[in-house]
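A.B. asks: Structure in structure tokens, see below.
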């Protein structure tokens, strides 16, 4: 029996990874989280697991070997609030704890697949896994970057030591704008699609930022990646223990926020038996409302992101990512069914 650990397992990506493992018949899974936000239990309620361990006790117990032989750790646990300004808290959660986990995995013979972030690129205009383009805009991005840098140092810049068998598999995934089921607990950090679904259902319109950064209203572009694709790539690396490194995990395709808005509106209209509208029709009918760009985000906001997938494709991973129209439509239909 393959024993797996998933940290942050009651969170968005963590719970979806558990679901993906369950779909393969894997249920010897130790889930690790902090349920102070008790409503997150909903993300675990329909999953098959072997044990739940609080994050405060797991890491030391794992390092001491309390859980026996663990094949792999999917480390999704972190503070992911990009607006959090407490650097001491952020570094303890996202850097120090991850470093201790890496050491424990090496000692215990466990593979480590962990969450990094596209926030490591910050204000860069190039999104390739190269230190020359890593310019985080906030302490969250820096905390993720520092751990990536530490992994490069420990495993060799291109992780040659891992490939040579001197360390066990280590894979970091630089998640871009992930959206999809099981993110309802994230509040303000939930995806644009999530917020727009609720805005449209409650108010009959969706909101987007107006003109900013040289981009027209709703025209800022991000690499939006559907959660099913994120899980699929995580599991591809789980199937290929010989592959290590730091990899972008986005769709490789930047799309404007207007695409998300029109996809939400048109999917909701379809569910109500109404016909699809072009973007200009959505705007003309005031189904999208552009709001002033908030001062708190000025100078800290990425107006454009697009994952360079060259390194990912170089491993042999040829997973096909869905576009915004396909993923958002699927997500909105799922949201509409929730009670």
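Read-outs: derived from the displayed coordinates by stated rules, not from any lab. These numbers were taken from a predicted model, which means no experiment stands behind them. Cβ coordinates were reconstructed from backbone atoms using ideal geometry, including for glycine residues, and neighbour counts include every protein chain displayed.
A.B. asks: Note the full-extension length gain between residue 149 and residue 242 as 0.36 nm times their separation in residues minus their Cα-Cα distance, in nm to one decimal.
C.D. replies: 31.4 nm
A.B. asks: Between residue 284 and residue 300, what is 0.36 nm times their sequence separation minus the Cα-Cα distance? Round to one decimal in nm.
C.D. replies: Stretched out fully, the residue 284 to residue 300 stretch lengthens by 2.7 nm.
A.B. asks: Fewest to most neighbouring Cβ within 10 Å: what's the order for 337, 186?
C.D. replies: 337, 186
A.B. asks: What's the exposure ranking of 211, 183, 76, going from fewest to most Cβ atoms within 10 Å?
C.D. replies: Listed from fewest to most nearby Cβ atoms, that is 211, 183, 76.
A.B. asks: Rank by packing, highest mean first: peptides 191-204, 42-55, with packing defined as the count of other Cβ atoms within 10 Å averaged across residues.
C.D. replies: For the peptides 191-204, 42-55, the packing ranking is 191-204, 42-55.
A.B. asks: First check a/c for region 153-300, with a ≥ b ≥ c the square roots of the eigenvalues of its C-alpha gyration tensor; if it is under 1.5, answer rounded, and if not, answer prolate when a/b is larger than b/c or oblate otherwise.
C.D. replies: prolate
A.B. asks: Next question, about the same structure. Neighbouring Cβ atoms within 10 Å as the yardstick, rank 168, 240 fewest first.
C.D. replies: With the fewest neighbours first, 168, 240 line up as 240, 168.
A.B. asks: While we're on this one: By per-residue mean of other Cβ atoms within 10 Å, what is the highest-first order of 115-124, 258-267, 15-24?
C.D. replies: 258-267, 115-124, 15-24
A.B. asks: A further question on this structure: What shape does region 222-277 take by its C-alpha gyration tensor, where a ≥ b ≥ c are the square roots of the eigenvalues and a/c under 1.5 counts as rounded, a/b above b/c as prolate, and the rest as oblate?
C.D. replies: Note, shape of region 222-277 comes out oblate.
A.B. asks: In square nanometres, what is one fourth of the surface area of the convex hull spanned by the alpha carbons of the chain?
C.D. replies: Mean orientational projected area (the chain, Cα hull): 16.9 nm².
A.B. asks: Diagonalise the Cα gyration tensor of region 1-81 and give the resulting equivalent ellipsoid semi-axes, square root of 5 times each eigenvalue, largest first, whole Å.
C.D. replies: 18, 16, 10
A.B. asks: For Cα pairs less than 8 Å apart in space and 6+ apart in sequence, what is the mean separation divided by the residue count of the chain, i.e. the relative contact order in percent?
C.D. replies: This gives 17 percent for the chain.
A.B. asks: For the chain, find the longest principal axis of its Cα atoms and tell me its angle to the long axis of helix 192-203, 0 to 90°, nearest 10.
C.D. replies: Helix 192-203 and the main axis of the chain meet at about 40 degrees.
A.B. asks: May I ask for the Rg/Rh ratio of region 154-234, computed from Cα atoms with Rh as the Kirkwood radius, given to two decimals?
C.D. replies: Reported Rg/Rh (Cα atoms, Kirkwood Rh): 1.17.
A.B. asks: Using a basic spin-label model with each label point 7 Å from the Cα along Cα→Cβ, how many nm lie between residue 48 and residue 184?
C.D. replies: Simple spin-label model gives 2.4 nm for this pair.
A.B. asks: Please work out how much length the chain gains when fully extended from residue 334 to residue 293, using 0.36 nm per residue of separation minus the C-alpha to C-alpha distance, in nm with one decimal.
C.D. replies: Contour length minus the Cα-Cα distance gives 11.8 nm.
A.B. asks: Please state the Cα pair-distance histogram of region 14-143 with 5 angstrom bins from zero: what percent is in each bin?
C.D. replies: Spelled out per bin, shortest first, that is 2, 9, 17, 19, 19, 16, 10, 6, 1.
A.B. asks: Another question, then. Using a Förster distance of 35 angstrom, determine the FRET efficiency expected from the C-beta separation of residue 35 and residue 313, and round it to 0.05.
C.D. replies: E between residue 35 and residue 313, to the nearest 0.05, is 0.35.
A.B. asks: With everything on Cα atoms, drop me the angle between helix 324-337 and the longest principal axis of the chain, reported from 0 to 90° to the nearest 10.
C.D. replies: 90 degrees
A.B. asks: How tilted is helix 97-108 with respect to the longest principal axis of the chain? Cα atoms for both, answer in degrees (0 to 90, nearest 10).
C.D. replies: In the chain, helix 97-108 runs at an angle near 40 degrees to the longest axis.
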